[in-house]
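Quick note: the coordinates plus some simple rules give every number you see, no bench work behind them. Here the structure is a predicted model, which is why all the values come from computation and not from measurement. For neighbour counting, all protein chains shown are included, and Cβ atoms are generated from backbone atoms with ideal geometry for every residue, glycine included.
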Amino acid sequence: MAETKSDIAGSILPMSKQQAMIMLESVYLWMDLGKFEHARELVNGAAALMPKTKQVQFALGTLEFNQQKYDKALQAFRTAQRLDPKSALARAHCAEALLFMGKTGEALKELQAALDLEDDGGVPEFAYRLCLFGGALDIERALKESNEKKRAERFDGAMKAFQLAAKVQPDAAEPRIRLGEVFVLNGKNAEGKTELDAGLKLSPTPEEKAMAEKLLEVASGKVKDAPKKR
């Protein structure tokens, strides 16, 4: 009996792309239902059958990420990256895990590397959103930090994140307003006003406009505290 060649590269058993797709979609379905143990059993089976398939590693990484096991998620996304070094999405997912691990600097390097690769599925928009999230997260971490050096490092990370977001989408108002926020929180009111004014010229949403105007009042000394709402 002649062997049937698998459509999936690296698959141990003959498997069509449709069969593999159904298997992986089932993994995500179990995750959506909160049945993580069922999802893990299925993804482990997929990994055994298709050990050299990056989509399996994406599913495994997503499972670990959803259970807040960010170090293990990073390992899976790194494996996907090794399987396909040209995958921008793999680098972007590595960045996402790194952000949640508090490693903003490393995450931004991964995002820049992802942006330098060919887009393989909405990477620029994903990178933009991650930059905004990472910057906001670092602001929160900075405000909670009692150590002045670590506080400054967090603000620096936030600034770099918003700068990359502005680079990815130069016509977006939010990154510039967020940059203004970082400057104002650091007492650099002149620099803050410059960024806030630039953001207000880029068609901000009503919420972004209100935040910028409040920050401008702080920078001008009209009120004492920057807006707390994120």
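Here are some notes:
- Neighbour-count order for TYR128, TYR28, fewest beta carbons within 10 angstrom listed first: TYR28, TYR128
- Inter-label distance for ASP116 and GLU140, nm, one decimal - labels placed 7 Å from Cα along Cα-to-Cβ: 3.1 nm
- Relative packing of 105-116, 173-184, which averages over residues the other C-beta atoms within 10 Å, highest first: 173-184, 105-116
- For the residue pairs LYS160/LYS214; LYS52/LYS86; LYS160/LYS209; LYS193/LYS222, the C-alpha atoms sit more than 19 angstrom apart in LYS160/LYS214; LYS160/LYS209.
- Between 0 and 90°, nearest 10: helix 88-100 axis offset from the chain longest Cα axis: 60 degrees
- Unit charges on C-beta of K, R, D, E only; dipole of segment 144-230, Debye: 260 debye
- Helix 206-219 axis, angle to the chain major axis (alpha carbon atoms, nearest 10°): 40 degrees
- Descending semi-axes in whole angstrom, ellipsoid equivalent of the chain, from the Cα gyration tensor: 42, 17, 15
- Seen through its C-alpha gyration tensor, with square-root eigenvalues sorted a ≥ b ≥ c, segment 117-230 comes out oblate because a/c lies at 1.5 or above while a/b is not bigger than b/c.
- Principal-axis tilt of helix 17-32 within the chain, Cα atoms, nearest 10 degrees: 50 degrees
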